[in-house]
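Report on the following structure.
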Amino acid sequence: MGLGGILLNAATFALNKLPVENWIFKPKSRVEELQELKEMFPNMSTAAPANVGETQKGDKVHLQNNSSVTSSVSTKETVDYQNREIGKDLLSMETHCVQGFKINGRPCDCLVGNTLIYNENAPIPIKGIGDKVFSHTGIVREVTQHMSRNYDGALREIRVSYSNVPLLITPEHPIWGIPDAWKNNWSCNGGLSEEDIKWVAASSMSPGSFIAFPRIKRIVDMEIITPNLAEILGWYVAEGSKDKPRDDCFGHRIIFSLCKNEIDNIKRLSSLINKCFGSEPIIRERETTTQVEYTNSAFSNIFADFGIGAHYKQIPNWFIYLPPEKQYRFLNGYFHGDGTNRGRGIEATTVSSRLAYGLRLVLFRLGVLHGVHEAKQSNGLIQGRPIIGNGRRYNIHISGEAARAFGAEIGMGIHESFFTSDKRMLSNWGYVTDNYVFLPVKSNEGVTFNGTVYNISVKEDESYLTINGAVHNCGQSRHLLHLEKLADEALAMVDNPEIYTRIHDWINRLGPRCTVAMVEKGTYVKEYSKFASEARDLRKELLGTLDPSALFPEIIEPKGAIEEVKDLPEEMTEAISETTEPVIETPPVLVIQHEPFPNKTVCGEKLLSMTNWIQGLDEEECRTCILPVCMSWYYDELNEKGEKDWAAKLDVMRQTGIPLDVCKMLDEIKEKVNTELRERLLEFDCATQTFNKGEEIPDEKSSE
């Protein structure tokens with residue numbers, strides 16, 4: 001592979017692997033984010049609690065006009081910065097074009113239609129998701145495109161702790177998490193680090209990995225929701241009902257139905273209503289229950305926001321952002337009403353999916369590890385009343401150290417004797433950091449599927465949140481949207497916007513041609529190489545060079561808009577700084593190169609079997625990221641040499657198998673083929689194992 005190609009592939013690899021925005025963009029403060037939400041909710045206070053620091057990861061900041069930077073920064077510096085950002089997206093889109101907008105031969109990564117995705121407050125099946133979703137940042141983003149396609153092949157069925165609902169996902173779909181954390185003995189080495197989170201192919205999330213679930217950091221207080229009212233609302237969700245409006249009734253009456261023996265709870269609820277509303281509730285004795293009733297037209301709609309009827313109870317979107325102390329008061333009412341203390345844990349059961357998974361958002365926001373498990377509802381009796389099971393029930397269970405801490409917050413303490421008899425009860429399988437809850441992967445198995453799969457494009461973050469953690473979507477949509485935004489911002493900064501106008505034209509022509517449907521049909525496959533060439537030309541014209549290092553110059557960036565640029569990541573510096581030779585300015589070819597490869601003698605005794613190589617640890621590279629390139633080399637060579645059966649088997653394996661199984665097959669192939677072909681495949685192994693090691697790969701032609 002030529003020097004230019006090596007540098008370009010290395011830069012592209014680093015761009016896709018590293019969260020560049022984390023070391024370039026300065027997060028917005030909490031006050032700024034609350035200001036953005038001011039129009040969303042009535043009676044909102046923008047004052048953050050005193051114990052909340054400036055720790056939130058907010059929206060990324062982009063330069064929009066000259067007024068956003070200080071007078072010490074010239075317009076040229078601002079435009080240069082903007083051009084580099086555009087260049088990064090052009091480089092990523094160039095790679096997408098060369099790959100035909102496919103990953104391992106497939107046009108996009110998708111999920112099955114009933115996968116639950118969080119909209120603004122509750123999970124909805126992805127096939128019916130609306131126009132807003134939570135992203136991996138814990139922020140609600142706009143859905144810009146809904147996609148679906150027919151799929152006949154293998155999926156990965158990933159099961160995590162704290163849920164009995166698996167994530168069914170195509171093998172190469174990126175998941176936000178930490179792969180193979182067990183190899184680093186994380187529990188004995190200070191826990192998990194947010195710095196280790198990255199996008200990982202679903203097939204690589206083996207047992208011992210962790211999927212990240214974002215903790216929502218935004219706080220929007222509503223003065224009308226006092227702590228006492230928050231607890232009453234918790235009681236309403238657990239035990240309450242509301243009259244429906246009809247001709248003779250406005251529907252303002254709230255009824256709480258408690259068991260007759262819950263004397264303390266009845267007194268507690270009555271006292272809360274008196275303190276909150278200034279009058280006593282009506283107490284009615286029924287055959288099996290005691291009803292606490294209160295009518296108040298001013299607050300009726302607030303109760304209605306939490307749903308009417310057991311199957312329709314929910315957590316409204318405004319509640320998700322309330323200060324933690326008010327949410328704990330709500331949970332106090334809910335768990336005392338619908339929950340139980342089973343000694344080693346705290347449990348509650350509901351028949352509402354929206355409520356169960358809405359509570360998941362709230363509990364994870366508070367850092368409370370818990371499980372939500374679904375089961376078929378069975379028949380039974382409650383206080384002598386027959387209950388007919390005609391749906392599903394959702395059990396919310398908090399155990400271990402999480403139960404002890406949570407119980408202390410809501411007044412449902414767990415006796416210490418339950419912790420001294422079994423040491424394992426002191427801990428939990430999951431892990432909580434400032435911004436994420438990490439859910440351990442228990443299993444990752446291949447399953448067959450024939451049907452429709454779905455995906456969505458999400459503004460800015462291009463990710464969305466399932467009940468088991470965050471996943472990514474198609475990369476081309478993310479880069480095109482970001483590229484369009486950057487070009488728009490640059491138009492207002494320069495006197496001659498012609499280059500940005502042509503970038504807009506390039507986006508408008510490419511966009512409709514790279515949708516999932518068009519990629520799957522192959523309608524424009526012959527045009528993608530032309531678009532890749534145009535992206536290179538635009539990048540060179542914009543930056544004056546095709547050298548990837550020009551995207552990360554060591555200069556002072558505009559103050560007030562971004563932080564001081566930190567040292568380049570190790571992956572990038574190794575790819576760029578190892579050579580002092582001049583960069584070739586002719587457009588490098590991004591397609592996978594079969595010539596030249598180092599002779600396997602370059603590796604010598606260091607050449608490992610691919611099975612041993614993939615299991616090794618190397619902090620300087622992502623071995624599962626390099627493996628698909630090697631598989632492509634094998635596949636093409638096997639086809640070319642007439643080994644069609646092996647090529648077909650490898651094609652299936654590279655789409656469905658986990659990396660270790662793939663490497664075992666690569667080694668098996670070498671044992672079965674003839675000597676000449678085996679020698680060629682060993683050269684591929686050598687090239688893979690020495691990739692990006694800071695050593696220049698010799699040119700076969702020069703050695704002849």
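Of all residues in the stretch 291-332, those that are without any contact (Cβ under 8 Å) to a residue 40 or more places away in the chain and either outside any loop (DSSP other than H, G, I, E, B) or touching a Pro at 6+ places or on another chain (Cβ under 9 Å) (or both) total 4. In the stretch 85-103, of all residues being out of contact with any strand residue (DSSP E or B) (no Cβ under 9 Å at 6 or more places or on another chain) and outside any helix (DSSP H, G or I), the one that is modelled with the highest pLDDT corresponds to GLY100.
Could you please let me know if GLY522 is at positive phi and not charged (D, E, K, R)? Give the derivation first.
Numbers: at positive phi: yes; not charged (D, E, K, R): yes.
Yes; evaluated as a whole, the condition is true for this residue.
For GLU172, state whether it is out of contact with any Leu (no Cβ under 9 Å at 6 or more places or on another chain), of a type in the set (D, E, K, R), over 19 Å from ASN444 (Cβ atoms) and open to solvent by 20 Å² or more (accessible area, probe 1.4 Å). Against the criterion (out of contact with any Leu (no Cβ under 9 Å at 6 or more places or on another chain), of a type in the set (D, E, K, R), over 19 Å from ASN444 (Cβ atoms) and open to solvent by 20 Å² or more (accessible area, probe 1.4 Å)), GLU172 does not qualify. For the stretch 254-289, the set of residues classified as closer than 15 Å to ASN228 by Cβ and not in a helix (DSSP H, G or I) consists of ILE254, PHE256, GLY278, SER279, GLU280, PRO281, listed by residue number. Residues to consider are HIS370, HIS311; find the one that is under 24 Å from LEU465 (Cβ atoms) and surrounded by fewer than 16 Cβ atoms within 10 Å (Cβ to Cβ). Going through HIS370, HIS311 in turn, just one is under 24 Å from LEU465 (Cβ atoms) and surrounded by fewer than 16 Cβ atoms within 10 Å (Cβ to Cβ): HIS311. Of all residues in the stretch 333-357, those being open to solvent by 30 Å² or more (accessible area, probe 1.4 Å), under 18 Å from GLY413 (Cα atoms) and outside any strand (DSSP E or B) number 4. Within the stretch 284-297, the presence of a residue that is modelled with pLDDT of 90 or more and either within 21 Å of PRO123 (Cβ to Cβ) or out of contact with any strand residue (DSSP E or B) (no Cβ under 9 Å at 6 or more places or on another chain) (or both) is excluded. Residues of the stretch 263-278 that are open to solvent by less than 90 Å² (accessible area, probe 1.4 Å), more than 13 Å from TRP235 (Cα to Cα) and in contact (Cβ under 8 Å) with a residue 12 or more places away in the chain: CYS276, PHE277. Kindly indicate whether any position in the stretch 472-481 is at pLDDT 80 or above and either closer than 21 Å to LEU369 by Cα or among the basic types (Lys, Arg) (or both). Checked against the condition, which is being at pLDDT 80 or above and either closer than 21 Å to LEU369 by Cα or among the basic types (Lys, Arg) (or both), the stretch 472-481 yields no hits at all. Scanning the stretch 245-271 for residues that are modelled with pLDDT under 90 and of a type in the set (Phe, Trp, Tyr) returns a single hit, PHE250. What about PHE256, is it among the aromatic types (Phe, Trp, Tyr), open to solvent by 30 Å² or more (accessible area, probe 1.4 Å) and touching a residue at least 12 places away in the same chain (Cβ under 8 Å)? No, not satisfied. Close Cβ contacts (under 8 Å, 6 or more residues apart or on different chains) running from residues in the stretch 112-132 that are under 14 Å from ILE315 (Cβ atoms) and in a strand (DSSP E or B) to residues that are open to solvent by 50 Å² or more (accessible area, probe 1.4 Å) and not hydrophobic (A, V, I, L, M, F, W, C) comprise PRO123/ARG354. Of note, PHE531 does not satisfy the criterion of being aromatic (Phe, Trp, Tyr), modelled with pLDDT under 85 and under 30 Å from the mean Cα position of the chain (by Cα).
Considering each residue of the stretch 601-633, count those that are at pLDDT 75 or above, in a helix (DSSP H, G or I) and either in contact with a Cys (Cβ under 6 Å, 6 or more places away or on another chain) or not charged (D, E, K, R) (or both), and give that number.
Residues of the stretch 601-633 at pLDDT 75 or above: 606-614, 627-633.
Checking which are in a helix (DSSP H, G or I) leaves us with 606, 610-614, 627-633.
Checking which are either in contact with a Cys (Cβ under 6 Å, 6 or more places away or on another chain) or not charged (D, E, K, R) (or both) leaves us with 610-614, 627-633.
Number of matching residues: 12.
Within the stretch 161-172, can one find any residue that is assigned to a loop (DSSP other than H, G, I, E, B), of a type in the set (Asp, Glu) and closer than 26 Å to GLU194 by Cβ? Before you say what the answer is, go through the steps one by one.
Pass one, the stretch 161-172, residues assigned to a loop (DSSP other than H, G, I, E, B): 161-162, 164-166, 170-172.
Narrowing the set further to residues that are of a type in the set (Asp, Glu) leaves 172.
Within this subset, residues satisfying the condition of being closer than 26 Å to GLU194 by Cβ are 172.
Looking through the stretch 161-172, at least one residue is assigned to a loop (DSSP other than H, G, I, E, B), of a type in the set (Asp, Glu) and closer than 26 Å to GLU194 by Cβ.
Restricting the stretch 638-648 to residues that are of a type outside the set (Phe, Trp, Tyr) and surrounded by 16 or more Cβ atoms within 10 Å (Cβ to Cβ) leaves a set whose member that is modelled with the lowest pLDDT is ALA647.
Taking the criterion of being modelled with pLDDT of 85 or more and within 34 Å of the chain's Cα centre (by Cα), the residues of the stretch 673-704 that qualify are PHE684, ASP685.
If I ask for residues that are of a type outside the set (A, V, I, L, M, F, W, C), open to solvent by less than 50 Å² (accessible area, probe 1.4 Å), in a helix (DSSP H, G or I) and modelled with pLDDT under 90, which ones from the stretch 654-672 would you list? Outline the logic, then answer.
First pass over the stretch 654-672, keeping only residues of a type outside the set (A, V, I, L, M, F, W, C): 654-657, 659, 661, 664, 667-668, 670-672.
With open to solvent by less than 50 Å² (accessible area, probe 1.4 Å) added as a condition, the list becomes 654-657, 659, 667, 670.
Add one more test, that the residue is in a helix (DSSP H, G or I), and what stays is 654-656, 659, 667, 670.
Answer for the stretch 654-672, where residues must be of a type outside the set (A, V, I, L, M, F, W, C), open to solvent by less than 50 Å² (accessible area, probe 1.4 Å), in a helix (DSSP H, G or I) and modelled with pLDDT under 90: ARG654, GLN655, THR656, PRO659.
Name every residue in the stretch 358-367 that is surrounded by fewer than 23 Cβ atoms within 10 Å (Cβ to Cβ) and not small (Gly, Ala, Ser), in order of residue number. Result: VAL362, LEU363, PHE364, ARG365, LEU366.
The values are calculated or read from the model by the stated rules, or taken from the named source; none is laboratory data. Being a predicted model, the structure only gives us computed values, none of them experimental. No Cβ is skipped: glycine too gets one built from the backbone with ideal geometry, and neighbour counts run over all protein chains shown. These accessible areas exclude ligands, DNA and RNA; they are computed on the full protein's heavy atoms, side chains included. Shrake-Rupley method; radii C 1.70, N 1.55, O 1.52, S 1.80 Å.
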